[in-house]
Every structure is written in structure tokens, then in C-alpha cells.
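Data block below; observations after.
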Amino acid sequence: MPEFGGAFYSGESSMSLVYPLPLVVEPIEPFIVYREVLTPRTCRRVVKQYEGDLEEGATGDYGQTTIVDQAGLYPDVEPMVYEAVADVLLDANQHYRYSLSGFYEPLRLVAYRTGRYSGMHADFAREDRSKLSISIQLNDDYEGDGLRILNEPLPNLSPGDAVVFPSWWAHEVRPTRRGCRYAIVGWAAGPAFV
């Protein structure tokens, strides 16, 4: 059963309306947590299998700073992981109701070693059509605050737990203080919003 969490935008404004519309808008939760998307055994296998493929990286895309190692996971090699991710994203989309097409980029294993982080950013840009982002926790033997969405800390995540959120919402990965935080991340995309 998914867990909804965090604060949300209520839509309140101090502006007066010329003509009010009789709309009822349900608040959108900033994230949904899914428990046990992958087994702990699968989490350990992915880390072990791809750890040697991790490439060091530091980027400054879209005004954010990211210092993280990463490796691509491809559907022909990891069909079970892709199926699990797709199931979660489709379920979450029952709440968000976006038009989704699939993945334009492979899922990624990311590794945040001691001192590494990803600054506040969104996974969405003009040329990008990402609509839902997913992060699957692969381990818990590190120290650090991990992922935060809209400055909201997440509930405790165990290996195999996933978080889904709209790609344009601001989020960050706080610096790892000790050890290495591993996660699988991905972005479901679809037609441009009009």
C-alpha cells in the first residue's frame, strides 16, 4: 500500500477573482512511498554487479551541482527491475494522472560516497519531458539525510523501498556523511504539457 507524504500547495492566493470557477481541486502529495519494490537480495545484486561500472561524475546541469557516480541499467539486462519500476510508476500515476510514454533514458544506479550530494534541482527542463521521477533505496548502511523533496525529509526507507514524485518538484540528495548511499533512479516521460 503506498504511503502519501509531505506538505502540498493548497492553491490559496491573496488575489481576488473577477469570475470564480466552481472547481474542486484535490491537493497533490509531493511524494508517494512504496515499500519492498525490490527484494533486499536484488538490491545487493545490483550494487555488486554494477559497482565496477560506476563512472565518476560532477555536473552543473540546470544550475544545480551534483557530485555522484553513476552507471546505466538497461531493460534487456534488467527486465525484472524495469517491470517493478513500471508497475510502481503506473500505480503512482493513478494519483498524478499524467500522460506517460515510457523511458527516454536508461535507469541509473547512483552512488553517493562520503561527501557526495546532489544540490536542489528538478528533473525537468524545456527539452525534457520527464513527468514522474523514481528513486529506489538500495542500502541503509551509510550515514546521511539522503533524498529530500520540497525540503521535506522522507520517512525511513529500507533497501527496496521506492519514492515517486513529479519530476519538476525541487529535490536534493543531502551529503553522505559516512559510507556510500546507493539508489536506482529513473524518469518516466510523456508528451509535452500544453
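List the strands (runs of 3 or more DSSP E) that sit entirely inside the range 88-147 and contain at least 3 residues that are among the aliphatic types (A, V, I, L, M) and within 16 Å of Tyr182 (Cβ to Cβ).
Values: elements: 107-113, 117-121, 130-137.
It comes to 107-113.
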Taking the range 36-50 and keeping only residues that are farther than 15 Å from Val77 by Cα and among the basic types (Lys, Arg), one is left with Arg41, Arg44
Return yes or no: is Pro166 open to solvent by 40 Å² or more (accessible area, probe 1.4 Å) and either more than 20 Å from Leu100 (Cα to Cα) or touching a residue at least 24 places away in the same chain (Cβ under 8 Å) (or both)? no
Against the conditions (1) within 26 Å of Ile28 (Cβ to Cβ); (2) outside any strand (DSSP E or B); (3) open to solvent by 40 Å² or more (accessible area, probe 1.4 Å), where does Leu157 fall short? Just the number, please. (3)
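Would you mind finding the one in Glu152, Glu127, Glu172 that is at pLDDT below 90 and under 14 Å from the mean Cα position of the chain (by Cα)?
Of Glu152, Glu127, Glu172, the one residue that is at pLDDT below 90 and under 14 Å from the mean Cα position of the chain (by Cα) is Glu152.
Can you confirm whether Arg116 is open to solvent by 10 Å² or more (accessible area, probe 1.4 Å), of a type in the set (Lys, Arg) and touching a residue at least 40 places away in the same chain (Cβ under 8 Å)? Before the answer, list the steps.
Values: open to solvent by 10 Å² or more (accessible area, probe 1.4 Å): yes; of a type in the set (Lys, Arg): yes; touching a residue at least 40 places away in the same chain (Cβ under 8 Å): yes.
Spelling it out, Arg116 is indeed open to solvent by 10 Å² or more (accessible area, probe 1.4 Å), of a type in the set (Lys, Arg) and touching a residue at least 40 places away in the same chain (Cβ under 8 Å).
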Filtered residues of the range 1-58 (kept if of a type in the set (Asp, Glu), modelled with pLDDT of 90 or more and not in a helix (DSSP H, G or I)): Glu36
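Suppose the filter is without any contact (Cβ under 8 Å) to a residue 24 or more places away in the chain and at negative phi; does Asn151 pass it?
Details: without any contact (Cβ under 8 Å) to a residue 24 or more places away in the chain: yes; at negative phi: no.
It is false that Asn151 is without any contact (Cβ under 8 Å) to a residue 24 or more places away in the chain and at negative phi.
The values are calculated or read from the model by the stated rules, or taken from the named source; none is laboratory data. Everything numeric in this text was worked out from a predicted model, so none of it was measured. Counting neighbours? That spans all protein chains shown, and the Cβs are built from the backbone with ideal geometry, glycine included. Side chains included, ligands, DNA and RNA excluded: accessible areas come from the protein's heavy atoms. Shrake-Rupley method; radii C 1.70, N 1.55, O 1.52, S 1.80 Å.
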